[in-house]
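Trainee: Got a structure for you, questions after.
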Amino acid sequence: MSDPTPTAEAFIAALRANQSDEELRKIARYFKAGPGDYGEGDRFIGVRMGTVFELAKAHMEMPLGEIEKLLESDIHEARAGAVSIMAKKAAAKRTGEDGRRELCELYLRRHDRINNWDLVDLGAWNVVGRYLADKPRDVLYELARSDNPWERRTAILATLHFVKQGEADDALALAELLVSDDEDLIHKAVGGVLRSLTGKHGERVRAFLERHAPTMPRVMLRYAIEHFPPEERAHFMGLKGGG
């Protein structure tokens, strides 16, 4: 049964109880945390992400102040747990409008602690995108122009919530802003969002690619055309100048 008053301290204790050296070795293959890497200095203790998510579910009633304490931890899995709790809260019907606003504000205010690709992926869609679904989205354009790559990744991935609702305008507009980004993790995020549009909004994606395929990063293009028929993939890769 869930703790009626879950705390950051209790969550971290549960993480330590599930620590595994074998899992730590596996994690090293997925996250670049060496000198000069995007995750330089990030500290993992070796907890399976499935376990982190289970703990997040058990600690869903954690107050915002305790979630922020969890975000402040130097342990990556603790921050992943914090964002997972936020995402689960944001998706819960009982949270309400004020609760979603508070979660979104916390996410944006503490983006300094949401500082790796998996943390952004856990929260951008459900915490930021969900709250902004029926509101002005200027903040996403501000984030897209940020010097911080994690803020830029949040900007584009938040639009996945809108895409799920059948919208394409902001996803395509933000893709335009980020199509020449220097960071590989932004290339993959933009390409993934374009790919998500190819069902209902395929013609708009094709028009976007006709304009940008010759100059956009190759990995972005590959992600974007993944669901296209082989002949169309060949066409767009031909515009890029190779397979």
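Trainee: Determine which lysines satisfy two conditions relative to Lys69: a Cα distance under 30 Å, and not lying fewer than 8 residues away in the same chain.
Mentor: Partners within reach: Lys26, Lys32, Lys57, Lys88, Lys89, Lys93, Lys135.
Trainee: Can I ask one more? Pick from Gly96, Gly192, Gly46: which is most flexible by mean-square fluctuation in a GNM of the chain where alpha carbon atoms under 10 Å apart are linked?
Mentor: Maximum fluctuation in the GNM of the chain, among the listed residues, is at Gly96.
Trainee: Per DSSP helix of 4 or more residues, -39500 (n - 2.57); summed, then divided by the residues of the chain. What does that give at 222 nm, rounded to the nearest 500?
Mentor: Working: 14 runs with 147 residues, N = 243.
Helices in the chain give a 222 nm mean residue ellipticity of -18000 deg cm²/dmol.
Trainee: Can you compute 3J(HN,Hα) from phi for each residue in region 45-60, using the Karplus curve 6.51 cos²θ - 1.76 cosθ + 1.60 with θ = phi - 60°, rounded to whole Hz and x for Gly and Pro?
Mentor: 10, x, 10, 4, 4, x, 5, 4, 5, 5, 5, 4, 4, 6, 10, 4
Trainee: Okay, next question. Provide Tyr131, Tyr30, Tyr223 ordered by accessible surface of protein heavy atoms (probe 1.4 Å), highest first. Don't jump to the answer; show the numbers that get you there.
Mentor: On the way: Tyr131 40, Tyr30 155, Tyr223 75 Å².
Largest accessible area first, the residues go Tyr30, Tyr223, Tyr131.
Trainee: Normalising by the residue count of the chain, find the relative contact order in percent from Cα pairs under 8 Å and 6+ residues apart. Before the final figure, lay out each step's value.
Mentor: Numbers: 330 pairs, mean separation 29.4, N = 243.
Value for the chain: 12 percent.
Trainee: Can I ask one more? Under a 5 Å amide H to amide H cut-off, with H placed in plane at 1.01 Å, what residues pair with Arg43 once short-range neighbours are removed?
Mentor: His76
Trainee: Name the residues of region 106-136 whose amide N is less than 18 Å from a point 7 angstrom out from the Cα of Glu72 along the C-beta direction?
Mentor: Only 106-115 fall inside the zone, counting backbone N under 18 Å.
Trainee: In Å, what Rg and Dmax follow from the Cα atoms of region 1-131?
Mentor: When restricted to Cα atoms, region 1-131 yields Rg and Dmax of 14.2, 43 Å.
Trainee: Let me ask something else about it. So what does the Cα-only Debye profile of region 42-100 read at q = 0.26 Å⁻¹, as log10 I(q)/I(0), no solvent term?
Mentor: Calculated log10 I(q)/I(0) at the listed q: -1.06.
Trainee: If Phe11, Phe53 are ordered by their accessible area, calculated over protein heavy atoms with a 1.4 Å probe, which sequence runs from highest to lowest?
Mentor: Values: Phe11 0, Phe53 75 Å².
So, going from the largest accessible area down, we get Phe53, Phe11.
Trainee: Using Cα extents along the principal axes in Å as the read-out, say which of [x] 56, 41, 35; [y] 55, 41, 31; [z] 72, 64, 32 was calculated from these coordinates.
Mentor: Recomputing Cα extents along the principal axes in Å here picks out [y].
Trainee: What do you reckon, how do Glu203, Glu232, Glu183 stack up by accessible area (1.4 Å probe), largest on top?
Mentor: Working: Glu203 130, Glu232 45, Glu183 80 Å².
Most to least solvent-accessible, the answer reads Glu203, Glu183, Glu232.
The values are calculated or read from the model by the stated rules, or taken from the named source; none is laboratory data. As the structure is a computational prediction, the values presented were derived from the model and not from experiment. Cβ coordinates were reconstructed from backbone atoms using ideal geometry, including for glycine residues, and neighbour counts include every protein chain displayed. Heads up: the accessible areas ignore ligands, DNA and RNA and are worked out on the full protein's heavy atoms, side chains in. Shrake-Rupley method; radii C 1.70, N 1.55, O 1.52, S 1.80 Å.
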